[in-house]
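> Can you keep this structure in mind? I'll have questions shortly.
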Amino acid sequence: MENFNDVVAFMAVARERNFTRAAAQLGVSQSALSRTVRALEERMGLPLLMRTTRSVSPTEAGERLVASIGPRLEEIQAELESLRALTDQPAGTVRITTTDYAANTYVWPRLQAPLREYPALKIELVNDYGLSDIVADRYDIGVRLGDQVAKDMIAVRIAPDMTMAIVGAPGYLRTRPPAKTPQDLTLHNCINLRLPTRDSLLSWELSKGRRELQVRVEGQLVFNNVYQMVDAALAGFGLAYVPKDLIEAHVEAGRLGYVLEDWFPTFTGHHVYYPSRRKSSRAVELVVNALKSGYRRRA
């Protein structure tokens, strides 16, 4: 059996597409990492990386090696992590991808207790509306709405269904004609949300009875954060399409008003999910259980 350190080194460079970042990740010098990858290419008799002054990318053979070996290395790492779980204290970093709304509403409040109880537990919480592939992007778990979770994942509900609402400040609403139908939204200054994986802005999904519509709106402002959208609506810059429970207090206080309330859609609530083929570490299991238990207590 050959030493597999050079394979691990190649995988780090192929994923980061950068020798400097990969070297920092592995805790070695850039020159040592370059020599290790060169030795692997010589042993294989194939170029595995295309190198230019500005970029590094896998060759066809390199891509094949990433696709075939990468999942197996992940399984080995997951097994090692599961063995570490035999200790009494959960340890290590759990990487979570979610959205700012879910992070603030469900994830962060429920993780504070286990973080205080287990000092060796580390959390990396990434807010992302791009529906990241948690396997390819090396996340341990994701938190998304139920209908956004891939079918091959293990998913557990952690929140009730979510209703979206359209709101505007009273001062703004007095200056515009009332919106009686979704088509009337074209007469309004609408605050948009952009997703990083899409070229277009997020459509406003509306429903009434059996009717469902996707409305593309326009306005002065585009954000990638729902809290900035709420702030802009409160400041009178237009209509925002945001989770209803995020703005209910503002509506009750008279700072915002509902628009087209009979068209508000409801979506399956947030779920925590992770790959079905991956064995979870003790730290991951602790985080998943904390998120689940928070929903059970509120149900």
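> Scanning for something outside any strand (DSSP E or B), of a type in the set (A, V, I, L, M, F, W, C), modelled with pLDDT under 95 and farther than 21 Å from Ala150 by Cβ, does the range 256-275 turn up at least one residue? Lay out the reasoning, then the answer.
To start, the set of residues in the range 256-275 that are outside any strand (DSSP E or B) comprises 256, 259-265, 268-269.
Restricting the remaining residues to those that are of a type in the set (A, V, I, L, M, F, W, C) gives 256, 259-260, 263-264.
Then drop every residue that is not modelled with pLDDT under 95, which leaves none.
The answer is no, given that none of the residues of the range 256-275 is outside any strand (DSSP E or B), of a type in the set (A, V, I, L, M, F, W, C), modelled with pLDDT under 95 and farther than 21 Å from Ala150 by Cβ.
> Quick check on my filter: what residues within the range 102-127 are outside any strand (DSSP E or B) and farther than 16 Å from Ala159 by Cβ?
Step one: filter the range 102-127 for residues outside any strand (DSSP E or B), giving 102-120.
Residues satisfying the conditions are Gln112, Ala113, Pro114, Leu115, Arg116, Glu117, Tyr118, Pro119, Ala120.
> Looking for something in contact (Cβ under 8 Å) with a residue 40 or more places away in the chain and basic (Lys, Arg) - is there at least one such residue anywhere in the range 244-259? If you could, list the steps in order and put the result at the bottom.
Step one: list which residues in the range 244-259 are in contact (Cβ under 8 Å) with a residue 40 or more places away in the chain, which gives 244-247, 250-251, 254-259.
With basic (Lys, Arg) added as a condition, the list becomes 244, 255.
The answer is yes, given that some residue of the range 244-259 is in contact (Cβ under 8 Å) with a residue 40 or more places away in the chain and basic (Lys, Arg).
> Those residues that are of a type in the set (D, E, K, R), more than 18 Å from Leu291 (Cβ to Cβ) and not in a strand (DSSP E or B), I need them from the range 144-203; list them, please. Spell out the reasoning first.
Our first condition is that a residue be of a type in the set (D, E, K, R); within the range 144-203, this holds for 144, 147, 151-152, 157, 161, 174, 176, 180, 184, 194, 198-199.
Narrowing the set further to residues that are more than 18 Å from Leu291 (Cβ to Cβ) leaves 147, 151-152, 174, 176, 180, 184, 194, 198-199.
Correct list: Asp147, Lys151, Asp152, Arg174, Arg176, Lys180, Asp184, Arg198, Asp199.
> Name every residue in the range 224-242 that is more than 24 Å from Gln183 (Cβ to Cβ) and of a type outside the set (Val, Ile, Thr), in order of residue number.
Asn224, Asn225, Tyr227, Gln228, Asp231, Leu234, Ala235
> State yes or no: is Ala113 aliphatic (A, V, I, L, M) and more than 30 Å from Val226 (Cα to Cα)? Quick ask: steps written out before the conclusion?
Working: aliphatic (A, V, I, L, M): yes; more than 30 Å from Val226 (Cα to Cα): no.
Against the criterion (aliphatic (A, V, I, L, M) and more than 30 Å from Val226 (Cα to Cα)), Ala113 does not qualify.
The values are calculated or read from the model by the stated rules, or taken from the named source; none is laboratory data. All values reported here derive from a predicted model rather than from experimental measurement. So basically every Cβ, Gly included, is an ideal-geometry build from the backbone, and we count neighbours across all protein chains shown.
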